[in-house]
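Each remark here refers to the structure printed beneath this line.
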Amino acid sequence: MTTIDLVMLSGSFTELRTHWSGEPVRRQLAVTFNQANHLLGLADPTSQGVWIAGTVDLGSSAEPVDADRAALSVARFLSEHDALRARFQFDPDTCGPYADVFGPNQVQVTVTPHGKIGSDDLATLLGDRCRSGEVPGVLFGLLDSTLIVGFDHAHCDALTVDLALRRIRELYIDPDTRRSPGQRFFDRSELDGFLSEKLAATEGEHPQLPAWRRFFAANGDAIPTFPLPLGEIAPGGAPQRTRVIELLDDTAADALGRGAFAKLLALLAASIAEQGGPRTLSTVIPVHTRGRSSSPWHRTAGWLVTNAPVRVRAGDVGGAGRALKSALGLAAVPLDHVLQRCRPAMTTADIFMVSYLDYRRLGDPLPGARHISNSTTTDSVQMWFSRHHDGLDLRIRYPDTTTANATVDALVCSLAERLRRYTDTARTATV
């Protein structure tokens, strides 16, 4: 996982340009809470937009990529996923966003050469294409033999990027391959909307809501913020700084064993406390809602993520494990209902969030695979731990201030040292 300012991407670029015919066949569909928040943010004319992208190698210098074949693979992929065929509009009466969806046969993908480009050119193109508007905000292209996929964040979450890379590559290698896509995303968003409406009309309280109330109360009736100094930040945030650090190689990461996220949270809490923060770390974690492999939405492209609260005492691995287990239950309460009933204060524009994703569970390693986000502004800290076939990485996003840089430097050094000691001890114990 990285950001566009940290990667070197250059070469001959061929856009696999999407063309949308006619008018959408499904109209005024409900969007999710996350999508609505994202889209309302884009209504600000000063917004830079937020896109997510990815890369995978389709060929090599010895085996040039067939651009026409890649275009057909992209078209078929788009025909399988309604979330990526959506355009987003605003209701003039309510000012709320909704989605119109083109049909699976309303997209054509053509080969459009752009010549030589670099990372800055690609970032500009992603920013231009991956924005909500009259057509879906998507970009597909070939940078020499590397497939580039990009989406306005309103369309999808990070797992969709992996799904797209795997599926398009699969279709390119074998156009006759058969795989059932997940259920339609907007059927799920409609179901989620019904649940929220039902809860809003209920006089009683969801059984998980008191735990949410206790979480906010422990943080001064507010959504928790990053508990270490970040310096003076103007309204609207500071330019973001992103660091990507390899924390452990594959052998050392294996020593974390089961419950790796709980151990990471407990050690992170200890490092934050060591830097002068509280002894108990409060944060929010993303929880994917696709379900297990048997779920009809397991292979659905879209934004299928909610959030859940965790509080972890410094060094308490067992407590962190219990907090994560509890978080799965708390994630069952729709976020709009939580915020409506609990009304916590939000003192920063961005939420302090810690994420963990084990990419090994998604399938075999993909050649040249990267998840790439754009670089915008922020007023908080967000952390993504990613376990892959080569080890454990941390991507950390934070405001680019003198204070924040010093804080993050010290925190990362402390965490890396704690992880090294923890895994060394675990490996010694198994010898």
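The table below gives the values:
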{"item": "Qualifying residue in the stretch 328-338 (condition: more than 27 Å from R279 (Cβ to Cβ), of a type in the set (D, E) and either in the same structural domain as G59 (by TED's automatic domain parsing) or modelled with pLDDT of 95 or more (or both))", "result": "no"}
{"item": "Qualifying residue in the stretch 392-400 (condition: of a type in the set (K, R) and buried (at least 16 other Cβ atoms within 10 Å of the Cβ))", "result": "yes"}
{"item": "Sole exception among (1) within 30 Å of S180 (Cβ to Cβ); (2) surrounded by 16 or more Cβ atoms within 10 Å (Cβ to Cβ) for S293, by number", "result": "(2)"}
{"item": "Qualifying positions in the stretch 381-431 - over 18 Å from V244 (Cβ atoms) and either of a type in the set (F, W, Y) or within 17 Å of the chain's Cα centre (by Cα) (or both)", "result": "Y422"}
{"item": "Inter-residue pairs, beta-carbon under 6 Å, first of a type in the set (D, E, K, R) and in the stretch 332-352, second outside any helix (DSSP H, G or I), 6+ apart", "result": "D350/T378; D350/D379; D350/S380"}
{"item": "Any pair with Cβ under 7 angstrom, 6 or more apart, that starts in the stretch 228-241 at a residue that is exposed (fewer than 14 other Cβ atoms within 10 Å of the Cβ) and ends at one that is in a loop (DSSP other than H, G, I, E, B) and not β-branched (V, I, T)", "result": "P239/D400"}
{"item": "Of all residues in the stretch 150-183 being farther than 23 Å from W51 by Cβ and out of contact with any Lys or Arg (no Cβ under 8 Å at 6 or more places or on another chain), the one that is surrounded by the most Cβ atoms within 10 Å (Cβ to Cβ)", "result": "Q183"}
{"item": "Conditions (1) surrounded by 16 or more Cβ atoms within 10 Å (Cβ to Cβ); (2) not in a helix (DSSP H, G or I): number failed by P104", "result": "(1)"}
{"item": "Checking D379 against (1) touching a Gly at 6+ places or on another chain (Cβ under 7 Å); (2) acidic (D, E); (3) closer than 17 Å to T289 by Cβ, the condition it does not meet", "result": "(3)"}
{"item": "Some residue of the stretch 91-99 being in contact with a helix residue (DSSP H, G or I) (Cβ under 8 Å, 6 or more places away or on another chain), in a strand (DSSP E or B) and at pLDDT below 95", "result": "yes"}
{"item": "Given (1) in contact (Cβ under 8 Å) with a residue 60 or more places away in the chain; (2) within 22 Å of Q28 (Cβ to Cβ), index of the condition L122 fails", "result": "(2)"}
{"item": "Residue that is farthest from I233 (Cα to Cα), among those in the stretch 349-358 that are under 16 Å from the mean Cα position of the chain (by Cα) and surrounded by fewer than 18 Cβ atoms within 10 Å (Cβ to Cβ)", "result": "D358"}
{"item": "Near pairs, Cβ below 7 angstrom, 6+ apart or cross-chain, from the stretch 77-104 (closer than 30 Å to D176 by Cα) to any residue that is in a strand (DSSP E or B) and of a type in the set (D, E)", "result": "A86/D100; R87/D100"}
{"item": "Residue check for T18: under 23 Å from G302 (Cβ atoms) and within 20 Å of the chain's Cα centre (by Cα)", "result": "no"}
{"item": "Wholly enclosed strands (runs of 3 or more DSSP E) of the stretch 1-88 bearing at least 1 residues crowded, with 22+ Cβ neighbours inside 10 Å and outside the structural domain of Q382 (by TED's automatic domain parsing)", "result": "11-20, 51-57"}
{"item": "Qualifying residue in the stretch 296-318 (condition: closer than 30 Å to D82 by Cα, touching a residue at least 40 places away in the same chain (Cβ under 8 Å) and over 18 Å from the mean Cα position of the chain (by Cα))", "result": "yes"}
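The values are calculated or read from the model by the stated rules, or taken from the named source; none is laboratory data. As the structure is a prediction and not an experimental result, all values here were calculated from the model. Positions of Cβ are backbone-derived with ideal geometry, glycine not excepted, and every protein chain shown enters the neighbour counts.
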